[in-house]
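The values are calculated or read from the model by the stated rules, or taken from the named source; none is laboratory data. Predicted model only: the values in this text are computed from it and were never measured. Neighbour counts run over all protein chains shown; Cβ positions are idealised from the backbone, glycine included. Only protein heavy atoms, including side chains, enter the accessible area calculation; ligands, DNA and RNA are left aside. Shrake-Rupley method; radii C 1.70, N 1.55, O 1.52, S 1.80 Å.
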Amino acid sequence: MAVPVESVLSGAPKGSGPLAVYRHAVASQRLLSDPAQAVAAERLQSLWQKLRHYDPPARLARKTLVGRFLRRKPVDEAPASHLHGLYLVGEVGRGKSMLMDMFFETAEVPRRRRIHFHAFMQETHRRIFAWRESNHDGHDPIPPLADQIAEEAILLCFDEFQINDIADAMILGRLFEALFERGVIVVATSNTAPDDLFRGQPGRDAFLPFIAILKQNLDVLVLEAAQDYRRSRPDTEDTWHVPLGAEARTALDEAFAQMTEGEAVAPVSLQVMGRTLPVVQASHGVARFSFNDLCARNLGAGDYLAIATHFHAVVLDDVPRLTPDNHNEARRFINLIDNLYDHRVKLVASAAAMPDQLYAEGDGAKAFERTASRLMEMRTEGYFELPHLT
Ligand SMILES: Nc1ncnc2c1ncn2[C@@H]1O[C@H](COP(=O)(O)OP(=O)(O)OP(=O)(O)O)[C@@H](O)[C@H]1O
Ligand SMILES: [Mg+2]
């Protein structure tokens with residue numbers, strides 16, 4: 001049973017924390033009871049309790065001499081412990097994001113922010129770049145950046161914590177250390193345990209201190225929920241057409257005609273960061289692409305985001321089975337599906353195999369498990385009923 005978080009949160013008792021919300025959802029049969037989730041909800045509850053009305057003063061700006069001096073003074077401790085949050089790790093579809101959202105929505109912390117970790121990293125690189133553009137004196141950008149982030153939000157909830165990139169790995173250790181020093185509380189969900197982050201990547205040794213900082217500051221909880229809840233509801237929509245061939249093509253032609261309600265199909269252009277992304281077939285908020293249009297060309301997160309916000313449905317032809325040689329296509333497809341899923345875009349596709357069997361081995365095959373799980377959820381009636389998020 002895949003249940004949209006919005007519906008799980010609604011009707012929960014006001015003024016109580018994530019545990020009451022979770023129990024209420026189970027009692028009202030919107031969620032199946034799961035002992036491992038209940039344990040996680042209890043841990044989140046105790047963090048919730050400690051953080052009630054947590055709002056340490058933002059520190060003085062760095063610009064003045066006094067500000068620089070004050071920076072050296074000890075800062076406010078996080079309440080009642082050295083712990084600065086929780087790292088929730090587990091297999092796909094176990095309810096990590098759902099539990100984090102229950103915590104985030106109920107947290108009585110005035111300055112809080114929930115963000116996809118990937119988006120946070122992009123923003124961080126942009127800010128460092130901007131800081132370097134305007135400060136040519138060679139000063140370290142990390143302390144002012146940490147000040148800025150801590151001023152915006154003292155509680156940061158990161159969905160899908162993952163390190164893919166040496167550029168991220170290099171700044172994260174110092175940035176997180178600075179954030180924890182400033183009393184920032186972090187709650188993260190991830191498919192990867194801290195000890196396995198960035199494993200097997202060149203330059204990992206330089207990254208090890210960051211893992212130590214994470215483990216020192218965050219309580220790591222492995223969520224061993226009973227099942228991938230995205231898969232537990234039989235799919236009711238005829239949205240994933242296997243195998244490839246004339247029959248699948250006809251099914252997609254029909255789906256496209258039905259969703260566009262017979263309106264004229266025409267090309268459109270989307271503007272993405274100063275570039276133009278051509279969409280050859282579109283009508284009525286629905287676009288049709290082939291897998292190669294979107295994943296065999298050098299498109300990136302910005303393009304997929306533009307598609308996901310502009311169209312409420314996508315018809316995707318000819319998703320092939322991917323091999324280790326296709327790891328770039330696989331990476332783009334993961335990114336595409338993450339964007340479509342986050343924006344609740346409806347997907348009808350033809351493919352060489354079921355999602356599970358599309359990319360069994362190769363770089364990023366582990367991350368692809370989440371994609372497969374999401375694709376399964378995207379086939380359900382529950383998903384089709386969700387509104388498009390623009
Ligand atoms: N106990 C439950 N009963 C019914 N549905 C559930 C339960 N727990 C989670 N779900 C539903 O399962 C789906 C997947 O949950 P969620 O997105 O939180 O998983 P996740 O652990 O964050 O997965 P991923 O690692 O892929 O991000 C959601 O639609 C959620 O509402
Ligand atoms: Mg999640």
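What length, rounded to one decimal in nm, is gained on full extension from LEU208 through to THR323, with 0.36 nm per residue of separation minus their alpha-carbon distance?
The span from LEU208 to THR323 would gain 38.3 nm if fully extended.
Collect residues whose amide H, placed 1.01 Å from N in the peptide plane, falls under 5 Å from the amide H of HIS116; neighbours closer than 5 in sequence don't count.
Here ASP159 satisfy the definition.
Can you pull the Kirkwood radius for the range 80-180, inverse mean 1/r over Cα pairs, to one decimal in Å?
15.1 Å
What are the ³J(HN,Hα) couplings of the range 241-252, residue after residue, when phi is run through the Karplus curve with 6.51, -1.76, 1.60 and θ = phi - 60°? Round to Hz, x for glycine and proline.
9, 10, x, 6, x, 4, 5, 5, 4, 4, 4, 6
Would you mind checking which residues have amide H under 5 Å from ALA188's amide H? H placed 1.01 Å from N; only 5 or more apart, or other chain.
LEU86, TYR87, LEU88, PHE158
Listed highest first by mean packing, meaning other Cβ atoms within 10 Å per residue, what order do 380-387, 218-225, 133-140 come in?
Put in order of decreasing packing, that is 218-225, 380-387, 133-140.
By DSSP, what percent of the beta bridges with both residues in the chain are antiparallel, rounded to the nearest 5?
Around 25 percent antiparallel, to the nearest 5.
Please give the calculated 222 nm ellipticity per residue for the chain, where each DSSP H segment of at least 4 residues contributes -39500 (n - 2.57) and the sum is spread over every residue; nearest 500 deg cm²/dmol?
Taking each H run of at least 4 residues, the total per residue is -13000 deg cm²/dmol.
Tilt of helix 18-27 relative to the longest C-alpha principal axis of the chain, in degrees (0 to 90, nearest 10)?
40 degrees
Could you give the angle, 0 to 90 degrees to the nearest 10, between helix 327-342's Cα long axis and the longest principal axis of the Cα atoms of the chain?
Long axis of 327-342 versus the principal axis of the chain: about 80 degrees.
What number comes out for accessible area per residue over the chain if the probe is 1.4 Å? Units Å², please.
47 Å²
Report the extension gain between ALA226 and HIS136 in nm, rounded to one decimal, defined as 0.36 nm multiplied by the number of residues separating them, less their alpha carbon distance.
Result for the pair: 27.0 nm of gain on full extension.
List the relative contact order of the chain as a percent without decimals, with contacts defined as Cα pairs under 8 Å and 6+ residues apart.
17 percent
When Lys and Arg each count +1 and Asp and Glu each count -1, what net charge do the other residues less than 11 Å away from HIS284, Cβ to Cβ, add up to?
-2
In the P(r) worked out for the chain, what percent of Cα pairs fall beyond 40 Å?
Pairs farther apart than 40 Å: 21 percent.
Once you place label points 7 Å from the Cα toward the Cβ at VAL265 and ASP195, how far apart are they in nm?
Result: 5.3 nm between the two label points.
Quick one: what are the phi-derived ³J(HN,Hα) couplings along the range 284-292, Karplus 6.51/-1.76/1.60 with θ = phi - 60°, whole Hz, x for glycine and proline?
In residue order, the calculated couplings are 6, x, 10, 10, 10, 9, 9, 3, 5 Hz.
Residue-wise, which Karplus ³J(HN,Hα) couplings in Hz belong to the range 37-46, taking 6.51 cos²θ - 1.76 cosθ + 1.60, θ = phi - 60°, and x for glycine or proline?
Result, rounded to whole Hz: 5, 4, 5, 5, 5, 5, 5, 5, 4, 5.
In the structure shown, do any of LYS14/LYS346; LYS50/LYS346; LYS14/LYS215; LYS346/LYS366; LYS50/LYS366 have a Cα-Cα gap over 29 Å, and if so which?
LYS14/LYS346; LYS50/LYS346; LYS14/LYS215; LYS50/LYS366
Provide the descending list of Cα extents for the range 233-384 along its principal axes, expressed in whole angstroms.
So the three principal-axis extents are 41, 38, 29 Å.
So, with a 1.4 angstrom probe, what is the percent of accessible area on the chain that is carbon and sulfur?
Its accessible area is 53 percent carbon and sulfur atoms.
Putting +1 on Lys and Arg Cβ atoms and -1 on Asp and Glu Cβ atoms, find which of TYR304, ALA107, THR371 reaches farthest to the positive end of the dipole of the chain.
Farthest towards the positive pole: ALA107.
Which length gain, in nm to one decimal place, applies between GLU254 and ASP356 when the Cα-Cα distance is subtracted from 0.36 nm times their residue separation?
Value of the extension gain: 34.2 nm.
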